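This report refers to the structure that appears directly beneath it.
The values are calculated or read from the model by the stated rules, or taken from the named source; none is laboratory data. Computed from a predicted model, the values in this text were never measured in an experiment. Cβ sites come from the backbone with ideal geometry, for glycine too, and all protein chains shown count toward neighbours. Surface areas here come from the heavy atoms of the whole protein model, side chains and all, with no ligands, DNA or RNA. Shrake-Rupley method; radii C 1.70, N 1.55, O 1.52, S 1.80 Å.
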Amino acid sequence: MDKKKNGFASGLGFVLAAAGSAVGLGNLWGFPYKTQEYGGAAFVLVYIACVLLIGAVTMVCEIFIGRRAQANPVTAFKNINPKFGWFGVLAILIPGFIACYYSVLGGYTVRFAANSFNGNAGTMDEFAANGWLVTLFTAIFIAGAIFVVMAGVKGGIEKASKVLMPALFILLLGTAIFSLCLGEGVAEGLEFYLKPDFKKLGGTEILAAMGQAFYSLSLGMGAMIVYGSYTGKKISLVKSTGMICLFDTMVALLAGFAVFPALYHYKAVEGAAFDPSEMKGSTLMFKTLPMVFESLGIVGKIVSFLFFAMVVIAALTSVISLLEVVCQFVIQKFRFSRKKAVALLALICFAISIPVGISAGGADVKLFGMDLLTFFDTVTNTVLMPVCAFFSCIAVGWMMGPKKAVGEMERDGQKLGFFRPIFMFMVKYVTPLLILAIEILGVYELVFPEGKFSGNGLGITLSAYGLLAVGALVYFLFFKKSDTGTNADEK
Ligand code: PFF
């Protein structure tokens, strides 16, 4: 059995593809706006601590789980304990749902890149409300992902990542340097971004930083299990994890250097008319930054194009990984050809993304008081993602046990070094507990926003847990006793 037949050709290819999954809208958009919303530099420090303390440990677990199985997440969890193969179903369902709303946002970024020379300022609301246009750009974005995933892991995902990731990094570096050279206001922006004020740090801020770290690193969503399954024994778990975390964090930090000086420069020029603390969610990327670019004349148009091209790349390499998670399972369990699996799943994703896009544009399509995009995002990220990340840690830290897990890694020639004792302790006690805290506090905030009960919050939470129950049921009814395939089953 040629286990590497469908895998990455090189360690670098794997690291770049995994970094491609990790680096996405979460870094370029989520990180700066959350930094703004949750208090600046103190948030950044907590974020870095979360990446180091809980993100890296969980990532090692996920890559390890995938790699030892050389198979999809269902088979991978089944190999650890057949009673818990349903963890894998969850790890496939979550990315499936994320892909449906992520593609809509990807479509937005394509439109903003394409429209840079006409000027994007003030166009967001009208664009988002135009269902046809949103659907068109979502389709263009998904087509890009189809093109890459159809070409396979080695010939598509790895090749694309090797070109796109360096390009993204260069574009980001260029944007950050440009932003730092704007002059007036830059110092104020840097101060906000870099000078910590720990008085601003409370439970909400810490929780937000932990959640952001997990989302940004693509953890708790099957992606690292799947990409891990395509690696061979030669790749160092610790080094690869270190590089992926470093790359992801560097991109997030650089995004801050690109955004804050430009915002505060704009503020200095525009005066009191503009308050950077007012931008939340999509406002920063699709309203505020276009205004900043517009104020810079023709140079601003060029920078806008390059900036949004970079965001498209980041979003594309992320959605590719989301699509791959679901495709891998369909290929292996149902013996579909890759082309057929990609075509079918992309079509389903596109069909779901249409109402999501229309709802996000302000149409009266709502679930539990939320537009569908926010609903999908909340169900997957606030409620389900920590559950799935928790399972990954529990599978390694408790079902296998740290001794057995580390023993197995070392038998495979892994050199864990100083990371060994840290990992053994963290994976059993600290990391699962912290993830559990993210889950409990996240759900609490959803059901009791500002201390008051919310029926909608409860509805969202129950929908998410309902989905989890359906996943488990499907597993026990259909997958537990049957063969769920491995990478070797892909023709
Ligand atoms: N990590 C991506 C981001 O920061 O935008 C989002 C993501 C991609 C999450 C792929 C999960 C995933 F499997």
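Numbers for the structure displayed
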{"item": "Cα-centred dipole magnitude for the range 368-491, charges only on beta-carbon of K, R (+1) and D, E (-1), debye, nearest 20", "result": "560 debye"}
{"item": "Dipole of the range 332-449, positive direction: furthest Cα of Leu373, Phe336, Ser359, with charges on the beta-carbon", "result": "Phe336"}
{"item": "Mean separation of Cα contacts under 8 Å (6+ apart) over length of the range 1-158, as relative contact order %", "result": "24 percent"}
{"item": "In degrees, nearest ten, helix 431-447 long axis to first principal axis of the chain (Cα)", "result": "50 degrees"}
{"item": "The range 316-405: C-alpha gyration tensor shape, a/c 1.5 cut-off, then a/b vs b/c", "result": "oblate"}
{"item": "Helix 297-334 vs. the chain, principal-axis angle (Cα, 0 to 90°, nearest 10)", "result": "20 degrees"}
{"item": "Residue-by-residue Karplus 3J(HN,Hα) for the range 243-254, coefficients 6.51, -1.76, 1.60, Hz, glycine and proline x", "result": "5, 5, 5, 5, 4, 4, 6, 4, 5, 4, 5, 5"}
{"item": "Listed pairs Lys280/Lys366; Lys78/Lys339; Lys301/Lys366; Lys403/Lys481; Lys200/Lys403 exceeding 32 Å between Cα atoms", "result": "Lys301/Lys366; Lys200/Lys403"}
{"item": "Sparse-neighbourhood loop sites, chymotrypsin sites (Phe, Trp or Tyr not before Pro) in the range 398-476 - DSSP loop, at most 14 other Cβ within 10 angstrom", "result": "Phe418, Phe453"}
{"item": "Dipole magnitude of the chain about its Cα centre (Cβ charges: Lys, Arg +1; Asp, Glu -1), debye to nearest 20", "result": "2320 debye"}
{"item": "Selection from Gly256, Ser240, Gly271, by position along the positive dipole direction of the range 230-287 (Cβ)", "result": "Ser240"}
{"item": "Global form of the range 270-378, assessed from the alpha-carbon gyration tensor, a/c cut-off 1.5", "result": "oblate"}
{"item": "Accessible area (Å², per residue) of the chain, counting only protein heavy atoms and a probe of 1.4 Å", "result": "39 Å²"}
{"item": "The range 373-414, accessible surface, carbon-and-sulfur percent (1.4 angstrom probe)", "result": "58 percent"}
{"item": "Pairwise centroid distance, computed over Cα atoms, of the range 319-335 with the range 417-482, Å", "result": "23 Å"}
{"item": "Relative contact order for the range 365-491, counting Cα pairs under 8 Å that sit 6 or more residues apart, in percent", "result": "31 percent"}
{"item": "Rounded if a/c under 1.5, otherwise prolate or oblate - the range 340-389, Cα gyration tensor axes", "result": "oblate"}
{"item": "Accessible carbon and sulfur surface of the range 36-89 relative to its total accessible area, %, 1.4 Å", "result": "66 percent"}
{"item": "Relative contact order, percent, the chain [alpha-carbon distance under 8 Å, six or more residues apart]", "result": "32 percent"}
{"item": "Helical contribution to [θ] at 222 nm, DSSP H n ≥ 4, -39,500 (n - 2.57), averaged over the chain, rounded to 500", "result": "-22000 deg cm²/dmol"}
{"item": "Loop-resident sites, the range 93-161, for chymotrypsin sites (Phe, Trp or Tyr not before Pro), counting at most 12 other Cβ within 10 Å (DSSP)", "result": "Phe117"}
{"item": "Accessible surface of the range 189-237 [probe 1.4 Å, protein heavy atoms]: carbon and sulfur percent", "result": "62 percent"}
{"item": "Dipole-positive endmost among Phe305, Val406, Ile63 within the chain (Cβ charges, Cα centre)", "result": "Val406"}
